[in-house]
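Report on the following structure.
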Amino acid sequence: MTTTATATAVRAASGGSAMPGRRRSPLLTLAMLAFLIYFLLPLFWLLVASTKTTGDLFASFGLWFADDFALPGNVRNVFTAEDGVYGRWLLNTAFYSLVSAGGAALLAALGGYGFAKFGFRGNKLLFGVVLGAIMVPSTALAIPTYLIFAQVGLVNTPWAIILPSLVNPFGLYLMRIYAEGAVPDSLLEAARIDGAGEFRIFRQVVLRLLGPGFVTVLLFTLVATWNNYFLPLIMLNNPSLYPVTVGLANWAGQATVAGGSGDVIPLVVTGSLLSIIPLIAAFLLLQRYWQSGLAAGGVKQ
Amino acid sequence: MSVTTAPRARRASARRAAAGYLFIAPFMVVFVAMLVVPLLYAGYLSLFREQLIGGTTFVGLDNYVRALTDERLLGGVLRVAEFFLIQVPLMLLLGLLFALALDSGMLWLSRFIRLGIFVPYAVPSVVAALMWGYLYGPEFGPIAQLAGTLGLPAPNLLGGDLMLGSLANIVTWEFAGYNMIILYAALRAIPSELYEAAAVDGAGAWRTAWSVKIPALRPALMMALIFSVIGSFQLFNEPQLMQRLAPNVIDNAYTPNLYAYSLAFTSQDLNYAAAVSFLLGVVIVVVSYTVQLAITRRRT
């Protein structure tokens with residue numbers, strides 16, 4: 001297990017091919033580039049559309065720039081509309097998702113390590129229960145959670161978004177697999193013989209070894225919370241607490257009502273473009289970590 | 001000697017078990033509070049009915065009987081089932097083909113292609129739905145513009161006939177790259193001895209893909225499939241946002257989740273909404289298990 005995981009990490013990190021020496025195929029590359037266009041063209045459209053005024057959106061061809069370059073003005077409008085509420089939404093989203101992701105990854109790391117390395121009674125049963133919960137649809141939980149939160153006064157607070165996002169059964173599953181492979185028992189024994197307490201071992205030895213798994217769970221919870229729409233839609237009705245998803249959906253609703261007469265469509269388009277930049281940047285910057293974390297998760301399922 | 005070590009060893013193992021419980025405790029506490037309790041509460045709520053006269057009364061399984069004969073709910077369930085049967089095979093097949101192509105080592109620019117296909121996963125489904133809504137739209141959508149330039153009638157992508165396909169396209173765009181990455185990660189984890197053995201047997205690229213790679217991907221594919229069952233049956237964001245563009249096509253019961261949402265927050269019928277959510281959860285669990293059973297049985 002350990003050796004496979006290491007071998008995987010090496011192979012994934014070096015980026016080498018599974019079968020060295022195989023000849024590259026222009027045909028296959030072209031086919032994949034055609035698919036790539038399908039995946040990137042809508043984003044290109046979004047980029048182009050956010051450089052246009054409302055008039056140019058309707059009057060010019062969607063997939064190329066118009067004569068007026070309205071991007072700076074559009075960005076300014078996005079951040080100044082309704083007393084700068086968009087900046088507020090972005091900060092809310094960042095806050096909700098960073099706290100949720102950090103908390104969820106820490107809970108999953110602690111729990112995954114606990115399930116992987118401690119043979120306490122009920123280990124298999126409890127883990128099975130958590131694993132079964134992966135199938136519980138989160139939206140089926142949203143309505144009862146809303147009712148409970150309404151009774152204890154958590155509706156319309158950041159907690160209403162953060163608390164439900166802390167539970168990530170799949171993250172726990174991934175961390176358990178990762179801990180089994182990445183934390184050698186001999187190292188734990190040596191630390192115990194040295195007289196280190198269990199939590200000191202976790203903090204100083206285990207957490208470092210769990211790094212890629214931790215980043216993987218962190219990033220995927222970050223995406224899930226960043227993209228969350230249903231939960232904040234239910235839980236929040238104060239616009240200054242909205243995450244950017246609910247805020248943009250509200251603006252889009254106003255744009256539908258106003259049609260081509262209003263100036264809301266450029267706000268929606270430019271706001272959409274700005275809102276996806278941070279996550280894409282995070283994935284690109286941290287790709288080494290999450291790719292090796294996922295690879296280890298794929299070893300044994 | 002052994003007399004003194006035995007109790008000490010026992011004490012050490014008891015202490016270790018206690019540490020194990022402490023490690024899992026934070027997760028389990030939040031798990032119970034945020035998952036188990038709401039689930040039980042939904043089950044409890046679904047057994048009552050609120051009436052203008054007489055207040056809240058216990059009605060047993062009446063809400064479930066009502067749900068099972070509710071044509072709007074059944075219509076929604078059938079619609080997401082159809083969505084699942086069309087969209088998920090397409091998305092997983094694309095993800096599988098991309099992953100195999102990347103892993104074959106036969107591509108130029110493979111890193112660029114991999115990240116480019118994965119990028120839509122980082123786009124919130126709200127943004128994806130808004131963006132595709134504009135792309136589909138008749139006013140300034142490039143699809144309608146292109147059709148107009150060519151003198152062709154623009155397809156009504158927001159009409160009743162094509163809406164499910166238009167939604168399937170959005171979800172495929174969002175998640176094909178994610179599935180590709182999961183499957184690609186699993187492919188990278190195949191031990192190289194298997195490839196060496198296949199090479200010794202004289203297997204070519206196609207043969208290796210078919211007899212070594214795809215069987216090794218079975219667990220990862222199963223996982224992707226289960227997540228797709230969950231995603232399809234609780235479809236909400238995309239239809240909810242498209243509803244404004246096509247209110248006559250997407251009604252409040254277009255998917256079971258839209259229905260539960262409008263029951264709870266528009267009709268204020270919380271008890272019935274809880275029953276609908278609960279039933280939807282049961283449907284998802286049953287479909288997931290059926291899929292798993294079908295696949296494991298075929299293997300043996």
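Coordinate-derived values only; no laboratory data. Fair warning: this is a prediction, and the values are worked out from it, not measured in the lab. Backbone-built Cβ (ideal geometry, glycine too); neighbour counts: all protein chains shown.
Using only side-chain charges placed at the Cβ, +1 for Lys and Arg and -1 for Asp and Glu, the dipole size of the stretch A:67-297 relative to its Cα centre rounds to 780 debye. Consider a paramagnetic label point 7 Å from the Cα of A:Asn250 along Cα→Cβ; state which residues of the stretch B:236-263 have an amide N under 12 Å from it. Output list for this probe position: empty.
Largest first, the extents of the alpha carbon coordinates of the stretch B:35-97 on the three principal axes equal 59, 30, 17 Å.
Over all directions, what mean area does the Cα convex hull of the protein assembly as shown project, stated in square nanometres? The directionally averaged projection comes out at 33.3 nm².
The sum of -39500 (n - 2.57) across all DSSP H runs of n ≥ 4, divided by the residue count of the protein assembly as shown, sets its helix-only mean residue ellipticity at 222 nm to -23000 deg cm²/dmol. For B:Phe48, the residues whose amide H sits under 5 Å from its own are B:Val59, ignoring neighbours fewer than 5 places away on the same chain, with H placed 1.01 Å from N. The value of relative contact order for chain A, using C-alpha pairs under 8 Å at least six residues apart, is 31 percent. Classify the stretch B:167-283: rounded, prolate or oblate, from the alpha-carbon gyration tensor (a ≥ b ≥ c, eigenvalue square roots; a/c under 1.5 rounded; otherwise prolate if a/b is larger than b/c)? Prolate, since a/c reaches 1.5 and a/b exceeds b/c. Whole-Hz Karplus values for the stretch B:212-228 come out as 10, 6, 5, x, 5, 7, 3, x, 5, 5, 4, 4, 4, 5, 4, 4, 6 Hz, taken residue by residue from phi with 6.51 cos²θ - 1.76 cosθ + 1.60 and θ = phi - 60°; glycine and proline positions read x. For B:Leu107, nonlocal amide neighbours, meaning residues 5 or more places apart or on other chains whose placed amide H falls under 5 Å from its own, are A:Ser25. With θ taken as phi - 60° and the Karplus curve 6.51 cos²θ - 1.76 cosθ + 1.60 applied, the whole-hertz 3J(HN,Hα) list for the stretch A:274-288 is 5, 6, 8, 5, x, 5, 4, 4, 4, 5, 5, 5, 9, 4, 4 Hz, x standing for glycine and proline. Annotation: extensible slack from A:Ile193 through A:Val257 equals 16.0 nm (criterion: 0.36 nm per residue apart, minus Cα-Cα distance).
Under a 10 Å cutoff between Cα atoms, tell me which one of A:Gly103, A:Gly122, A:Gly84 has the largest fluctuation in the Gaussian network model of chain A. Most flexible of the set in this elastic network: A:Gly122. For B:Arg297 and A:Leu91, what does the FRET efficiency come to when R0 = 51 Å and r is the distance between their Cβ atoms, rounded to the nearest 0.05? Result of the calculation: an efficiency of 0.50.
Put a plus charge on the Cβ of each Lys and Arg, a minus charge on the Cβ of each Asp and Glu, and nothing anywhere else: the dipole of the protein assembly as shown about its Cα centre is then about 2560 debye. Using only the Cα atoms of the stretch B:62-299, build the gyration tensor, take square roots of its eigenvalues as a ≥ b ≥ c, and label the shape rounded, prolate or oblate: rounded if a/c is under 1.5, else prolate if a/b is larger than b/c, else oblate. Oblate, because a/c is 1.5 or more while a/b does not exceed b/c. For the stretch B:58-74, 3J(HN,Hα) computed residue by residue from phi via the Karplus equation (6.51, -1.76, 1.60; θ = phi - 60°) reads 6, 10, x, 9, 3, 4, 6, 4, 4, 5, 5, 10, 7, 5, 5, 5, 4 Hz, glycine and proline entered as x. Where a ≥ b ≥ c are the square roots of the eigenvalues of the C-alpha gyration tensor, would you call chain A rounded, which needs a/c under 1.5, or, failing that, prolate if a/b is larger than b/c, or oblate? The shape class here is oblate. Given +1 on the Cβ of Lys and Arg, -1 on the Cβ of Asp and Glu, and no further charges, what dipole in debye does chain B carry about its Cα centre, rounded to the nearest 20? The calculated dipole for chain B is roughly 1520 debye.
Here r is the Cβ-Cβ distance between A:Arg203 and B:Ala12 and R0 is 35 Å; the resulting FRET efficiency, rounded to 0.05, is 0.95.
Ordering B:Ala129, B:Val171, B:Ala33 by Cα displacement along the dipole of the protein assembly as shown toward the positive end leaves B:Ala33 in first place; charges were set at the Cβ atoms of Lys, Arg (+1) and Asp, Glu (-1).
Build a GNM of chain B with springs between Cα atoms under 10 Å apart, and of B:Ala186, B:Ala198, B:Ala14 the one that fluctuates most is B:Ala14. Measuring r between the beta carbons of B:Leu85 and A:Asp67 and using R0 = 60 Å, the FRET efficiency lands at 0.80. Counting charges near B:Lys213 (Lys, Arg +1; Asp, Glu -1) among other residues having Cβ under 13 Å from its Cβ returns a value of +2. Applying a DSSP loop filter and a limit of 13 other Cβ atoms within 10 Å to the trypsin sites (Lys or Arg not before Pro) in the stretch A:109-164 leaves A:Arg121.
Shielding by partners for peptide B:141-149, expressed as the average number of C-beta atoms from other protein chains within 10 Å of each residue's C-beta, is 2.
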